[in-house]
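For reference, the structure is listed below as structure tokens.
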Amino acid sequence: MTSLALLSTLVLFVVSTTQVLAQSCPCGYKDSSGNVWREAIVSTFTQDAGALAAVNADWIIAPDLQVQSGTATANIQYTTANVFEYQDALGLKASAYDNSGSVKCAEIFTNRADILYGSFRMQAQVPSVPGVVFGENFIQQLISRRTEDPATPGFFTYISGTQEQDIEFLSSDTNYYQQVHYTNQPGQLSSGDPDPDAAKDIEVPGADFTTFGVHRIDWLPSSTTYSYSGNTDSGTPISSTTTITKNVPTTPSEFIINVWSNGDPTWSQGPPTADAIATLHYANLYFNSTSFSAASFNSACSAAGNVAPCSV
Ligand SMILES: *[C@@H]1O[C@H](CO)[C@@H](O)[C@H](O)[C@H]1NC(C)=O
């Protein structure tokens, strides 16, 4: 199921240190738990320049077909037009199914795959049309990435792996507006049964995920903490925190946000019969990477006069 989300286009990129250092917090970012992170990607989709300008600065919009198997009833066609400016924010859409054999879906992923530990927050509304998965996935290693052969557009090669952290919302869940699935992959035991220590289905009574709330992953070497904070429909603050210490990934990764359906009755269900749209206000990522070392960070911070880290 989530392995479908593992597949994303390999794009070569160069991260320049000057780009990293050009940030306004030369001594990094300190989160509420006291962790310091050296770098940030702050994507404000509500900005005046438009949501797509924020996407284009730090993310890649997936364009590819993912052929499905098993109990899936349709393929996934990631479609650039399904990542769009929507209600002064970013819309990610799985289109109403047209019986063509592929569901038009939406995915963005960071243009960096060197992220190793951090605090990742997304303010979003989940789709309410049944039959899709809205996922915030942390994909480790260069697993299951595909390389598009320039000579044969549309042809991809695959590499497999299993390290992944996922937040998933299934719009076909009866209580989809307050049910979330957190998984440190693999979420199954070798017997095929769900692994309760790695995959947690969490209900947050009183929550309404179809209103804007913050969904967060705090990835540390020994644990992944998944959390939600938002408001009930009557405006009372509500939050929920779940920590998973099993299968915590230890390798550099990229971050992916998507809305997809393959009609699989065991997971996404659907395909949707109407457009299913997730709306994002922001995605703020504070992290360390393998490209910007602690030593380089310390020099930059020192050169800036050891100012206090920014609080995030
Ligand atoms: C992230 O980087 C900061 C600054 O170099 C360091 O203090 C911290 O230990 C790093 N965190 C992790 C989890 O590696």
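Rounded to the nearest whole Hz, the Karplus-based 3J(HN,Hα) values (6.51 cos²θ - 1.76 cosθ + 1.60, θ = phi - 60°) of segment 186-199 follow the sequence x, x, 10, 7, 5, 5, x, 6, x, 9, x, 7, 10, 10, with x at glycine and proline.
Per the Debye calculation on segment 38-290 with a single equal scatterer at every Cα and no solvent contribution, log₁₀ I(q)/I(0) for q = 0.08, 0.12, 0.13, 0.15 Å⁻¹ amounts to -0.28, -0.67, -0.81, -1.12. Evaluating kT/(6 pi eta Rh) at 25 °C and 0.890 mPa s, with the Kirkwood radius of segment 188-312 over Cα pairs in the Stokes-Einstein relation, gives 133 µm² s⁻¹. The alpha-carbon atoms of segment 162-241, seen along their principal axes, cover 44, 30, 15 angstrom, with the largest extent given first.
The numbers here are math on the coordinates, done by the rules we state, and not lab data. Everything quoted here is computed from the prediction, not taken from an experiment.
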